[in-house]
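See below for the structure under consideration.
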Amino acid sequence: MLPSHLNGHSPLARRRPRLSAASPPAAAGESPAAGAGATSAADSLEEHDRIYFQSYSHIGIHEAMIKDRVRTDAYHSAIMHHKKFIEGKVVLDVGCGTGILSVFCARAGAKRVYAVEASEIATQACEIVKANNLSDQVVVIHGRVEDVDLEEKVDVIISEWMGYMLLYESMLPSVLFARDKWLKPGGLILPSHATLFMAPITNPERYEGSVDFWCDVYGIDMSALVPLAKKFTSEEPSIETIGGENVISWPSVVKHINCYNFTVEEFKCITAKYKVSSMMLAPIHGFGFWFEVEFNGPQESCHNVPSNLNPLEIIQKKRKRSSEDMVLLSTAPEDEPTHWQQTILYFPDPIKVKQDQTVEGSVTVSQSKENPRFLNIHLECSTGGHTLVKDCAMR
């Protein structure tokens, strides 16, 4: 895998080698076309997808995901929770990877599982299915879900589509495509709902280690590097693990997604306003983003989380849901760490706030025109007479 960004946590290091925004070198035996700059948008998109799916052929990606017990146990628990619905039914696994979720579904009694995988790991998935004597139940299909042709409609769609900051990788549109084309009315989608949260965070140790460090290096004044360090620290989102103690306000909801009716058009650009109060006297070093997903049936309560809900009520509802007979996968700072960690947008300079001081603004998350797998993030923040506008890309 390529060198990572900021303490070993590249936005692209979640599951794969870093994807370059630049055009890849020509393959062996090929030469760049004279009109390379005029490559069509369709060809460009196809190339982005080729690089994206190629990255999922790396075994390390799948090892990291499967070893994340919070993630894998949640999916297994969700499948067993809906066992009665799955038994005797047809399942579509979108982006099956090694096929582990397909095997879970087959063992839960599914009549047939279509395991669709666009990367070369589909070859090993097929072998895994055979090794576990499930070839009569699980059909591995090598290709994009947008391109495959199934023999029948399905009763269940399952997919682990979530990326950093929930939306990164833009895999959800593929699940929505499968829903619209292949899912029977009243069918089950796992996960069914997802919520993206944000909150101001303080992280003096991280800031001191990356920025203030340069003020005194072995007794040498290297403060001339501080401006560069600030730029490097804040120019891209950082993927790292923070704790509940780093979060200085109740979280605000950026977006609640109901996978039964959410649309691809809605996915392209998401904007939300926030207004929170600091719970302590501390410097704000940036904003943290995390998500949670639920595994509900089509007839079950949607557990909608309105964006105007009192932040305290959000947490209370979450704690109540966690104690109910349902499955919740959370990547929140106060919960058990996952391979998704949290996504942090650092400021070049911290903003000091007092207890109960209002912090407000807006955030817009949109698909990049450069590469739809990437995200563009626009953040506006105002507090105590300070105003900050931040634009960054998650590549």
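The values are calculated or read from the model by the stated rules, or taken from the named source; none is laboratory data. On a predicted model such as this, the values are computed, not experimentally measured, just so you know. Cβ atoms come from the backbone with ideal geometry, glycine included; neighbour counts cover every protein chain shown. Calculation scope for accessible area: heavy atoms of the full protein, side chains included, ligands and nucleic acids excluded. Shrake-Rupley method; radii C 1.70, N 1.55, O 1.52, S 1.80 Å.
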Unmet criterion (only one of (1) touching a Pro at 6+ places or on another chain (Cβ under 7 Å); (2) over 28 Å from residue 330 (Cα atoms); (3) among the β-branched types (Val, Ile, Thr)) for residue 211: (1)
Matching option when the condition is of a type outside the set (A, V, I, L, M) and buried (at least 19 other Cβ atoms within 10 Å of the Cβ), among 218, 207: 207
Flag if residue 331 is more than 23 Å from residue 235 (Cα to Cα), surrounded by 14 or more Cβ atoms within 10 Å (Cβ to Cβ), touching a Phe, Trp or Tyr at 6+ places or on another chain (Cβ under 6 Å) and not aliphatic (A, V, I, L, M): yes
Scope the range 237-259; condition open to solvent by 10 Å² or more (accessible area, probe 1.4 Å) and over 23 Å from residue 375 (Cα atoms); matching residues: 243, 244, 245, 246, 247, 250
Residue that is modelled with pLDDT of 95 or more, of a type in the set (D, E, K, R) and open to solvent by 50 Å² or more (accessible area, probe 1.4 Å), where the choices are 313, 324, 370, 380: 380
Test: residue in the range 351-363 that is within 21 Å of the chain's Cα centre (by Cα) and either at pLDDT 95 or above or part of a helix (DSSP H, G or I) (or both): yes
Leading residue by the ranking (farthest from residue 88 (Cα to Cα)) among those in the range 100-128 that are more than 27 Å from the chain's Cα centre (by Cα) and in a helix (DSSP H, G or I): 127
Within the range 43-97, helices (runs of 4 or more DSSP H) holding 3 or more residues that are open to solvent by 20 Å² or more (accessible area, probe 1.4 Å) and under 22 Å from residue 373 (Cβ atoms): 59-67
